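The values are calculated or read from the model by the stated rules, or taken from the named source; none is laboratory data. These numbers were taken from a predicted model, which means no experiment stands behind them. We place every Cβ from the backbone using ideal geometry, glycine too, and count neighbours over all the protein chains shown. Just so you know, the surface numbers come from the protein's heavy atoms only, side chains and all, with ligands and any DNA or RNA stripped out. Shrake-Rupley method; radii C 1.70, N 1.55, O 1.52, S 1.80 Å.
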Amino acid sequence: MKIAFHGAARTVTGSKHLITLKNGKKILLDCGMFQGMGKATIPLNNDLGFDASTVDVMVLSHAHIDHSGLIPKLVKEGYRGKIYCTPATKDLTGVLLEDSAHIQENDVRYVNKKRAAEGQPYVQPLYTLDDAKKATERLTEVKYNEWKTIEQGVELLFTDAGHIIGSACVHLRITDNGKTESLTFSGDIGRYRDIILRSPDIFPQADYIIMESTYGNSLHEMQFTTPNHLLEWVERTCVQKKGKLIIPAFSVGRTQEILFALNQLELENRLPKVDYFLDSPLSIEATDIIKSYPQYFNKTIQKVLEKDNDPFKFPGLKYIQSVDQSKMLNFRNEPCVIISASGMAEAGRVKHHISNNVENSRNAILMTGYCEPNSLGARLQTGAKEVGIFGVAHEVHAEIGAIRSMSAHGDYEDMSQWLACQNPKEVKRLFLVHGEYDVQQDFKSRLVKRFCRC
Ligand SMILES: [Zn+2]
């Protein structure tokens, strides 16, 4: 077999790996969108790098847009097969792709207004809501830990990756030209001792492993410190400075961890009495889906569920659905906490909240996840004195911070633990993907003693 890496190669977005068997069959692992890569983002997303109509079958590791975001484009360009994923991934991907289509259509509308004024021809969105709906019809459920034949000579097994609800590591048993080989694709690997999810599961011995490496050079702070960190920020920003605390958060995963941590503080009577807003219809919908899969929760949250039937909701938390309600938050003078998407602050309502609040030193912006180096979130984190948002320059006076304990990706200890179920002598090759080049070199040097063929 041959493997071509069409994304997440020496970078962390655009996950897309195409396997071509000797008999000509093509299997696509993920079809993710590139995000936060500045001017390179649009051309990278405009070209899949292969002919979609020649792909025979696709497997999706999890719902995050950097793994699923170009599925509507794949279908639009002629893919006619099934897309295998877990039941929770199917539900989450449906809402994330529809949201992504809205973003594509809105962005193009804005760009075309400008182009019309300059007498230039219109551009088309990457895909529309209709494309997204057609694509989600192809999502086909496979449960964890059940082998399934997805193509002649190709069997699939999902194991829990512990990264977000429904996330899976993908294992393929492929018989090609009379020879059977196994390939494992890690998807995104979660953490052992996550505050909500189960730990990543062990998996069958593989001949080839494609493995993520996002945090291959770092160790995270322990997650049980998250509620205390959040409390410090709420107290300093909202109680002492009477300002607004803006928290950009991924709709799936991070938002629920923040809500869970704030709920913990509330249960312990430690949560300051200010208003808390979840300003993202997508995050609200994702939270409802996640709540519908309690069987994927770990023992810690199962215990909380015994005394609190909604561990993501607490008094003082308000959901913001409409754009008008969201805009009203700009006119508030009272201190508050606003949790909104997207996590890298590249799109969504949080971008408006940052543009409205970044110039006031009473306020704070608290990053809670990985940010691509060119994204607005990364520019703020690296200490930019001025940032451009929607074409307008803003001086940065708000306090900028980050909580490092909240990553949904494992650190190098977690990733090494994930690999520990494998006999290194039987692994013919280990490919590192989904990481920046320097980080991968560092991770490779850590792994080299055990896996010398990466
Ligand atoms: Zn992910």
Which residues in segment 330-362 place their backbone N less than 18 Å from a point set 7 Å from the Cα of His397 along the Cα-to-Cβ direction?
-> 330-336, 353-362
List the aspartates and glutamates whose alpha-carbon lies under 18 Å from that of Lys179, not counting same-chain residues fewer than 8 positions away?
-> Glu151, Glu155, Asp207, Glu426
Test item: Cα-centred dipole of segment 178-303, Lys/Arg +1 and Asp/Glu -1 on Cβ, debye | 420
For a quick protection proxy, order the peptides 80-92, 100-112 by their average other-Cβ count within 10 Å, most packed first.
-> 80-92, 100-112
Rounded to the nearest 500, the 222 nm mean residue ellipticity computed for the chain from DSSP H runs (n ≥ 4, each -39500 (n - 2.57)) alone is -9000 deg cm²/dmol
Positive-end residue, segment 241-399 charge dipole about Cα centroid, Cβ charges, pick of Leu271, Leu305, Cys371 | Leu271
Antiparallel DSSP beta bridges within segment 223-406, as percent of all bridges there, nearest 5 | 15
Where the accessible area of segment 223-406 is counted over protein heavy atoms with a 1.4 Å probe, how much of it, in %, is carbon and sulfur?
-> 51
Hey, with R₀ at 51 Å, roughly what FRET efficiency would Glu146 and Ser361 work out to, going by the Cβ-Cβ distance, to 0.05?
-> 0.40
From most to least accessible, 1.4 Å probe, no ligand or DNA/RNA atoms counted, Glu268, Glu155 line up as Glu268, Glu155
Share, in percent, of DSSP beta bridges within the chain that are antiparallel, nearest 5 = 45
Using a ≥ b ≥ c from the Cα gyration tensor of segment 185-249 (square roots of the eigenvalues), is it rounded, prolate or oblate, where a/c under 1.5 gives rounded and otherwise the larger of a/b and b/c decides, a/b for prolate?
-> prolate
So for R0 = 25 Å, FRET eff. of Arg236-Glu268 from the Cβ-Cβ r, to 0.05, ends up at 0.85
Check: the chain dipole with +1 on Lys, Arg Cβ and -1 on Asp, Glu Cβ, in debye | 480
Using the Karplus equation 6.51 cos²θ - 1.76 cosθ + 1.60 (θ = phi - 60°), what ³J(HN,Hα) coupling, rounded to whole Hz, does each residue of segment 114-125 give in order, writing x for Gly and Pro?
-> 5, 5, 5, 5, 8, x, 9, x, 5, 9, 9, x
Mind giving me the FRET efficiency for His102 and Lys385? R0 is 41 Å, r the Cβ-Cβ distance, nearest 0.05 is fine.
-> 0.80
With each pseudo-label sitting 7 Å past Cα toward Cβ, what's the Gln302-Cys421 distance in nm, one decimal?
-> 1.8
May I ask for the Rg/Rh ratio of segment 223-406, computed from Cα atoms with Rh as the Kirkwood radius, given to two decimals?
-> 0.95
What lysines could a cross-link reach from Lys90, if we take a straight Cα to Cα line under 21 Å and drop same-chain neighbours fewer than 8 places away?
-> Lys16, Lys73, Lys76, Lys82, Lys133, Lys134, Lys143, Lys148, Lys291
What nm distance separates the two modelled labels at Ala116 and Gln325, each placed 7 Å from Cα along Cα→Cβ?
-> 3.1
Rg and Dmax of the chain, using alpha carbons, in Å: what are they?
-> 21.9, 70
For segment 318-454, what is the accessible area per residue in Å² when the probe is 1.4 Å?
-> 47
Total charge dipole magnitude, segment 223-406, about the Cα centre, Cβ charges on Lys, Arg, Asp, Glu only, Debye to nearest 20 = 220
Percent RCO, i.e. relative contact order, over the chain, from Cα pairs under 8 Å lying at least 6 residues apart = 17
Listed peptides 352-358, 436-442 by packing density, highest first (mean Cβ within 10 Å) | 352-358, 436-442
Work out how much length Lys134 to Thr175 would gain on full extension: take 0.36 nm times their residue separation and subtract the Cα-Cα distance, in nm to one decimal.
-> 11.6 nm
Sorted by mean Cβ packing within 10 Å, highest first, what order do the peptides 303-311, 245-253 take?
-> 245-253, 303-311
Just tell me which lysines come within less than 27 Å, Cα to Cα, of Lys242; anything on the same chain fewer than 8 places away is out.
-> Lys273, Lys313, Lys318, Lys327, Lys351, Lys385
